[in-house]
Amino acid sequence: MNLLEKLDASAAARKALLPDGVGAFGIPIEEVYSATEARIGDRRVLLLGTNNYLGLTFAPECIRAAHEAIDKEGTGTTGSRMANGSYFGHRSLEREFADFYQCDSAIVFTTGYQANLGTISGLVGPGDTVLIDGDSHASIYDGCVLSGADIIRFKHNDMVDMEKRLRRLGNRVETTLIIAEGIYSMLGDQAPLDDIVKLKNAYGCILLLDEAHSLGVLGETGQGLVEATGLLKEVDFITGTFSKSLCSIGGYCVSNHPQLEQLRYVSHPYIFTASPSPATIASTRAALELLRKGSHLRKQLWQNCTQLYTQLREGGYLLGPHPGPVIAAIVDTPRQALLLWQNLLEHNIYVNLILPPAAPEGKSLVRCSVNAAHTSEQIKYVGDTFCKLHGLVCSPS
Amino acid sequence: MTENNYNEIMKLLCDRLEGVSNSNVQITSETNIISQLSIDSIKLLNLIMEIEDTFDISIPINALTDVQTVRELADLVYKIKSAS
Ligand SMILES: Cc1ncc(COP(=O)(O)O)c(C=O)c1O
């Protein structure tokens, strides 16, 4: 098979899962009306498949800050953080992240994906080991591959399994980086951080926690799982993204280890890419301020999460183990998931469709994400519609 | 580790692969795990965890980049087990 034929084969496998004309992936959004509504084709749909957890995409403070930055500093930095791409805003945002986490240093990356690539490949290299959760996000896997370290997976959130694998590493634990996520993006469940910290201390490893989905969502001031569990000081490195609760694009790593600064000199995903645009940085700074003060937004978000989680569970859906802003209905077959997804769209509800192998354990997911801007009526409509359509996923098909 | 151990590893791998494969291909040491057995990447990674447990070893998943056939997987497991 030549290179192009290999792509044809993978396209054929995709088409076998998704019949022609079903645009579940990369669906065109024609117009965005608000944090909760948009137009897809001719439909005005409710958005239940975004990562806009605090509903801040149209926050006037963020929009104003972005406008001002673009007027003052132009559309792009046209260069790397290492060269001409570190403006006052980039450095200020780093100080603000360090202050937010009460940490010594913070680094801003161009995306959350690159924050993981850059941090992981900066921390470990060939001969070192990364011990990662089996359900880790692709950016974690890719960062590990880029690093050249030995990659060992443990069963998702299974601490007995994790300890077994740590024990087998013998004295290689000294150069082992453990990686987990605050909230896992597929099922919305949280890492057992308490137990992970106990094991990392017992074995003397370094711990990296990706708070991509938990920033703004967990903890009194929205730091994430580290705050909700009171374990901030126990986690060596925290990465995260601006593309979810902060409603822009970019990523960060914070740490109390002074060695974090060295990443700026060794990490290719930090160096060999242009820095975030001034408007992006400005809106992120404004959003971080809103996030820190946003306990009312978190309260509303959690009210919405609990409402939808309860309604779907009572409607007979199998869900992830924790209620949270990611609520995934676990469905046996891709066909059932696709049917449910299509029917929801016909009822003007957009959610995410996740098919194997992206979904855990060979299942398919119809995944909702809830945000603080959804009204209780919108959530009820979504819950009612899911319940009405439950028959589509319970019979064998 | 002896030849016997190697054959044991090979037999165990063939049995496990048969369990997770979606195809009717007769598994031999030369079978290509991904292309002939239509095993997706996640299934393969989960199988590796099982093999790690069976032999009480660590198999870095990056070492799988050199593995295409059942024999190559058996060689890798044998090499790691022998060194442990
Ligand atoms: C757990 C996790 N980490 C990192 C990222 C990457 O974030 P970004 O969108 O900023 O590249 C994502 C985004 O999907 C994610 O879910």
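Things to note:
- The three principal axes of the C-alpha atoms in the range A:187-276 carry coordinate ranges of 38, 31, 23 Å, sorted with the longest axis first.
- Over all other residues within a Cβ to Cβ distance under 9 Å of A:I330, the charged ones net out to -1, with Lys and Arg as +1 and Asp and Glu as -1.
- Convex hull volume per residue, computed on the Cα atoms of the protein assembly as shown, equals 156 Å³.
- Between the range A:71-103 and the range A:131-154, the Cα center-to-center distance that results, in Å: 28
- Segments A:224-235, A:84-95, B:17-28 sorted - mean Cβ within 10 Å per residue, highest first: A:224-235, A:84-95, B:17-28
- Ranked by the mean number of other Cβ atoms within 10 Å of their residues, highest first, the peptides A:181-188, A:145-152 fall in the order A:181-188, A:145-152.
- Over chain A, relative contact order from alpha-carbon pairs under 8 Å, at least 6 apart, %: 22
- Averaged over B:60-67, number of beta-carbon atoms from partner chains that fall within 10 Å: 4
- Taking the three principal axes of the alpha carbon atoms in the range A:60-292, the coordinate ranges are 57, 35, 29 Å, sorted in descending order.
- When each of the peptides A:165-174, A:359-368 is scored by how many other beta carbons lie within 10 Å of its residues on average, the order from highest to lowest is A:359-368, A:165-174.
- If you bin all the Cα-Cα distances of the range A:237-309 at 5 Å, starting from zero, the percentages per bin are 3, 13, 17, 19, 19, 13, 7, 6, 3, 0.
- Cα centroid separation, the range A:56-70 to the range B:57-77 (Å): 51
- For peptide B:34-44, the mean count of partner chain Cβ atoms within 10 Å of a residue's Cβ comes to 2.
- The range A:223-268 and the range A:295-348 have their alpha-carbon centroids 28 Å apart.
- Helix axis angle, B:41-55 relative to chain B longest principal axis, alpha carbon, degrees: 30
- Test item: Cα-centred dipole of the range A:263-397, Lys/Arg +1 and Asp/Glu -1 on Cβ, debye: 480
- Remark: mean inter-chain Cβ contacts per residue of B:50-58 equal 3, using a 10 Å Cβ-Cβ cutoff to other protein chain atoms.
- Chain A: most fluctuating residue of A:R264, A:R39, A:R298 per GNM, C-alpha cutoff 10 Å: A:R39
- Longest to shortest principal axis, alpha-carbon extents of the range B:3-83, angstrom: 33, 25, 20
Every number here is computed from the coordinates shown, using simple stated rules; none is lab data. Everything numeric in this text was worked out from a predicted model, so none of it was measured. Counting neighbours? That spans all protein chains shown, and the Cβs are built from the backbone with ideal geometry, glycine included.
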